[in-house]
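Bear in mind that the values in this text are calculations on the coordinates, not laboratory data. Since the model is a prediction, treat every value here as computed from it, not as a measurement. Don't worry about glycine lacking a Cβ; one is built from the backbone with ideal geometry, like all the others, and counts go over all protein chains shown.
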Amino acid sequence: MNVYKIAVIAGDGIGPEVINEGVKVLNKVAELAGDFSFEFTYFPWGCEYYLEHGKMLPDDGMEQLKKFEAVYLGAVGYPGVPDHISLRELLLKIRKQFDQYVNVRPVKLLQGAPCPLKDVTRDQIDMVVIRENSEGEYAGAGDWLFKGKPEEVVLQTGVFSRKGTERIIRYAYELARKTGRTLTSISKANALNYSMVFWDQVFEEVGQEYPDVETHSYLVDAASMFFVKQPERFQIVVTSNLFGDIITDLGAAIAGGMGLAAGANLNPERVYPSMFEPIHGSAPDIAHQGIANPLAALWSASQILDFFGHENWGAKVLDVIEQVMVDKKTLTPDMGGVSSTEEVGNEVVALLSALK
Ligand code: NAI
Ligand code: MG
């Protein structure tokens, strides 16, 4: 029997509340499936830890995490600790040191999910955005000259290596081929005359090896418009770090909002653990009240199941999330319901058990 070792960093605010439900659901799935199980190890890292120890994680923290196949993360960040510390010293550190260069963000409108667009049907919003997660505009390269002087100049340089660009584009082509879907590249070569011309070139080059994959290429501004007006144009999408950051928030907005959106940070070679998280933050405004929506954390639990090759169970978890939203009986206040975080988790567990 396969035992999947997962490091849990539940984090701050509503993080632990929603992750609890995710762990509960994963354990239930394992019990129903019968041929695999999960072993969860909890790490109390985050802002509380920082206030006590002056750091977000212990010095050997990354070494400890390395032994796991996956990290399940709640949310990190809380008033009292500056966001650039909590984000850089924990989340970004994990993404970078574990070379999690693929960010996978499903943008899929589930039945019953709140959608701000008029007259869109479920099948019109069903894409997977592959965001470059390791370099590009977020590489941290640049300079700040003559600080505070009248001649002050700042430079922020996008870093696009051949290796980094090729591997993310190749990952997207592979996914498109495997799933038989179209692949759309989002770039901006008309204005970014080095980085995005290069990106487009690599997209074409790698595409030579995938004649079976139907491709499209859009400028990021046009793509933003189409996300809203004709989301059915997109199936698999590949884009750079900055464009991906922006466009996936837009994606989350059209597919049900922050209470639903999940993201996976993958090291596809599996040399290092991959990390799975709801994309919302620690929501200090509703923390410790037991009313946080756990559905995003449950969607990321379904990505964990996919990652371990149990796509059938990943799909079942999504089906059940959908059923909860269609039933409308057990929803948290952000979705118009009156249920608690735990009640939603329990309902998902009950519906999963009823599937068999
Ligand atoms: P946020 O996502 O925590 O909250 C934004 C709004 O959405 C709030 O009104 C909140 O109540 C609501 N919300 C978020 N998740 C919800 C859920 N599951 N159920 C119901 N309502 C939910 O973003 P905000 O306020 O900008 O950031 C708060 C803290 O979280 C900051 O310290 C920030 O740095 C951190 N953060 C951490 C992230 C991570 O760990 N990946 C991502 C985003 C923010
Ligand atoms: Mg973001």
Whole-Å semi-axes of the ellipsoid equivalent to region 1-127 (Cα gyration tensor, √5λ, descending): 29, 22, 15
Dipole axis of region 116-254 (+1 Lys, Arg; -1 Asp, Glu on Cβ), positive-most option in THR157, ALA176, ASN190: ALA176
Selected from GLN124, GLN156, GLN235 as most flexible by GNM, with the chain as the system and alpha-carbon contacts under 10 Å: GLN156
About the Cα centre, charge dipole magnitude for region 211-356 (Lys/Arg +1, Asp/Glu -1 at Cβ), debye: 180
Filter on LYS28/LYS96; LYS28/LYS163; LYS5/LYS55; LYS93/LYS188; LYS188/LYS316; LYS28/LYS118 - keep pairs with C-alpha separation over 30 Å: LYS28/LYS96; LYS28/LYS163; LYS188/LYS316; LYS28/LYS118
Potential extension, LEU51-ASN27 segment - 0.36 nm per residue separation minus Cα distance: 5.4 nm
Within the chain: Cβ-based charge dipole about Cα centre, in debye rounded to nearest 20 (Lys, Arg +1; Asp, Glu -1): 300
Simple spin-label estimate for ASP285 and LYS149 in nanometres, 7 Å along Cα-Cβ: 4.3
Those lysines that a straight Cα-Cα span of less than 19 Å connects to LYS178, excepting residues fewer than 8 apart in one chain: LYS108
Residue-span extension gain [VAL271 to HIS84] - 0.36 nm each, minus C-alpha spacing: 64.6 nm
Most fluctuating residue given options VAL29, VAL129, VAL202, as computed from a GNM of the chain linking Cα atoms under 10 Å: VAL202
Vicinal HN-Hα couplings computed from phi for region 187-196 (Karplus, 6.51 cos²θ - 1.76 cosθ + 1.60; Hz; Gly/Pro x): 8, 6, 6, 6, 10, 9, 6, 9, 4, 7
The chain: relative contact order in percent, alpha carbon pairs under 8 Å with at least 6 residues between: 23
Built amide H within the under 5 Å cut-off of SER185, gap 5+: HIS216, SER217, TYR218, VAL238
Proximal charge balance of PHE40 [Cβ under 11 Å; K/R count +1, D/E count -1]: +1
Placed amide H near LYS5: partners under 5 Å, 5+ positions off or other chain: GLU39, GLU69
Mean separation of Cα contacts under 8 Å, 6 or more apart, over the residue count of region 116-254: relative contact order %: 37
Amide hydrogen neighbours beyond the local backbone of TYR42, cut-off 5 Å, H modeled: VAL8
Dipole magnitude of region 116-254, debye to nearest 20 (Cβ charges: Lys/Arg +1, Asp/Glu -1, about Cα centre): 180
